[in-house]
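Peer 1: Structure below; questions to follow.
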Amino acid sequence: MSNLSKKYVIVIAGPTAVGKTGVAIDLALKFQTEIISADSRQVYREMKIGTAVPSEEELSRVKHHCIQHISIHDEYNVGAYEQEILGVLKGIFEQHDTAILCGGTGLYINAVCDGLDEFPPIDLEIKTQVAAICLDKEKALGLLENLDPLYFNQVDRDNMRRVSRAIEVCL
């Protein structure tokens, strides 16, 4: 493999419908490279509305990765995305010196650029217990406050997925 110290990822980030895809395609053509989607909704085949998936014409102009390749019924998260993209980048960098990462999901972009913290695998029994606890939001928040008061003070308490994940990790 060639010298990886001369490999670059250009990140194009922003909200939906501001023209990221057009800019990414122009840059990919200029650098003769490929585009990786950094959008947590565009990965799903079944999500065709409200995701601003590139058109067939746009997809035909430049090779894209991570566009509608996962089912909403499959387990997929930022950790899986990070691992997938590291493999995609390795393949791109075998052919090109530059790759384009384009999307609006900051967590996905940060995972690729900065990596993720290591999380322990969570036993199915714990996941089941926490899911039952989280049916009662106040009970779940009280438990999280007891288990990890520092995180409790910064977590979005309306995002029960984050609350439940924090409890799972603590347990």
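Peer 1: Which of the numbered conditions does His64 fail, given that it passes all the others? Conditions: (1) out of contact with any Pro (no Cβ under 8 Å at 6 or more places or on another chain); (2) in the same structural domain as Tyr8 (by TED's automatic domain parsing).
Peer 2: (1)
Peer 1: Suppose we keep only residues that are within 18 Å of Ile109 (Cα to Cα) and modelled with pLDDT of 90 or more within segment 38-53. Which one would you say is surrounded by the fewest Cβ atoms within 10 Å (Cβ to Cβ)?
Peer 2: If we filter segment 38-53 for residues that are within 18 Å of Ile109 (Cα to Cα), which is where we start, we get 38-44, 51-53.
When the remaining residues are screened for being modelled with pLDDT of 90 or more, the result is 38-44.
Details: Ala38: 28, Asp39: 23, Ser40: 20, Arg41: 18, Gln42: 23, Val43: 27, Tyr44: 20.
Within segment 38-53, the match that is surrounded by the fewest Cβ atoms within 10 Å (Cβ to Cβ) is Arg41.
Peer 1: Another question, then. Contact list please: Cβ distance under 7 Å, first residue in segment 68-93 and without any contact (Cβ under 8 Å) to a residue 60 or more places away in the chain, second residue acidic (Asp, Glu) and surrounded by fewer than 18 Cβ atoms within 10 Å (Cβ to Cβ), pairs at least six apart or on different chains.
Peer 2: As it stands, the answer is Ser71/Glu46; Ile72/Glu46, since those pairs meet every condition given.
Peer 1: What are the residue pairs meeting all of these: first residue in segment 45-61, first residue aliphatic (A, V, I, L, M), second residue in a loop (DSSP other than H, G, I, E, B), Cβ atoms under 6 Å, and 6 or more apart or on different chains?
Peer 2: Partner pairs satisfying both residue conditions: Met47/Arg41; Ala52/Thr16; Ala52/Ala17; Val53/Gln42.
Peer 1: Against the definition (under 14 Å from the mean Cα position of the chain (by Cα), modelled with pLDDT of 90 or more, surrounded by 13 or more Cβ atoms within 10 Å (Cβ to Cβ) and more than 30 Å from Pro121 (Cβ to Cβ)), how does Cys102 come out, yes or no?
Peer 2: In short, yes.
Peer 1: Among the residues of segment 6-21, which ones are on the phi < 0 side of the Ramachandran plot, in contact (Cβ under 8 Å) with a residue 24 or more places away in the chain and not charged (D, E, K, R)?
Peer 2: Tyr8, Val9, Ile10, Val11, Ile12, Ala13, Pro15, Thr16, Thr21
Peer 1: Just wondering, is there one or more residues in segment 164-171 that are surrounded by fewer than 11 Cβ atoms within 10 Å (Cβ to Cβ) and assigned to a helix (DSSP H, G or I)?
Peer 2: No, that holds for no residue.
Peer 1: On to the next question. From (1) more than 20 Å from Gly106 (Cα to Cα); (2) at pLDDT 90 or above, pick out the condition that doesn't hold for Ile12.
Peer 2: That leaves (1) as the condition not met.
Peer 1: Something else: Among (1) surrounded by 13 or more Cβ atoms within 10 Å (Cβ to Cβ); (2) of a type in the set (A, V, I, L, M); (3) on the phi < 0 side of the Ramachandran plot, which single condition is Ile72 missing?
Peer 2: (1)
Peer 1: Pull out all pairs, ordered by first then second residue, where Cβ-Cβ is under 7 Å, the residues are six or more apart or on different chains, the first lies in segment 109-128 and is more than 22 Å from Gly87 (Cα to Cα), and the second is among the acidic types (Asp, Glu).
Peer 2: Ile122/Glu168; Ile126/Glu168; Lys127/Glu168
The values are calculated or read from the model by the stated rules, or taken from the named source; none is laboratory data. Here the structure is a predicted model, which is why all the values come from computation and not from measurement. Cβ coordinates were reconstructed from backbone atoms using ideal geometry, including for glycine residues, and neighbour counts include every protein chain displayed.
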